[in-house]
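The values are calculated or read from the model by the stated rules, or taken from the named source; none is laboratory data. All of these numbers come straight from a predicted model, not from anything done at the bench. When we count neighbours, we look across all protein chains shown, and the Cβ atoms used for this are built from the backbone with ideal geometry, even at glycine.
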Amino acid sequence: MPDPRLLEVFPAPADDPFLIEHIAEEFTSVCPKTGHPDFGAVTLRFVPRPARAGGVCVELKSLKLYYQSFRNEGIFYESVTNRIRDDLAQLMNPQWLQVITDWRGRGGIRSRIIASRGEVPPEWRRG
């Protein structure tokens, strides 16, 4: 089972709002229906709370290990995306967080799942 205890944080370095985007291009899990591996990319975007309010950022090595804990997990795309969002939102309590998973095609169908939490600052909304 994916293990959120692998995740670590460090204090946000600023009080002014800023956007962080991490892209993991080699995400793997297992299709619970077929047992075949699923390959995709995970984009994590978030705005931490201000440093003075106890804001934190996720540490990258721990994020990589957390993502790797999905490797042998039989889990649907939608559940992967929502699980990552929920685990990271609980850990960091950011002002805003978005997880986007882009899955490689299988059977002629590619999937992209987007899950968010909080209010995105207007300056970082994508059109």
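When only residues in the stretch 53-86 that are over 14 Å from Val30 (Cβ atoms) and in a loop (DSSP other than H, G, I, E, B) count, which is nearest to the chain's Cα centre (by Cα)?
Once the filter is applied, the top-ranked residue is Glu59.
Can you list residue pairs whose Cβ atoms sit under 7 Å apart, with the first residue in the stretch 98-127 being loosely packed, with under 14 Cβ neighbours inside 10 Å and the second being modelled with pLDDT of 80 or more and acidic (Asp, Glu)? Count only pairs 6 or more apart in sequence or on different chains.
From the stretch 98-127, the pairs are Arg112/Asp102.
Starting from the stretch 1-12, take each residue that is of a type in the set (A, V, I, L, M) and list its partners that are in a strand (DSSP E or B) and surrounded by 16 or more Cβ atoms within 10 Å (Cβ to Cβ), counting only C-beta distances under 8 angstrom and pairs at least six apart or across chains.
What qualifies is Leu7/Val58; Val9/Val56; Val9/Cys57; Val9/Val58; Ala12/Val56; Ala12/Cys57.
How many of the residues making up the stretch 1-47 are more than 18 Å from the chain's Cα centre (by Cα) and either closer than 17 Å to Arg112 by Cα or in a strand (DSSP E or B) (or both)?
Our first condition is that a residue be more than 18 Å from the chain's Cα centre (by Cα); within the stretch 1-47, this holds for 11, 13-17, 31-37.
Next cut, either closer than 17 Å to Arg112 by Cα or in a strand (DSSP E or B) (or both) only: 11, 31, 37.
Count: 3.
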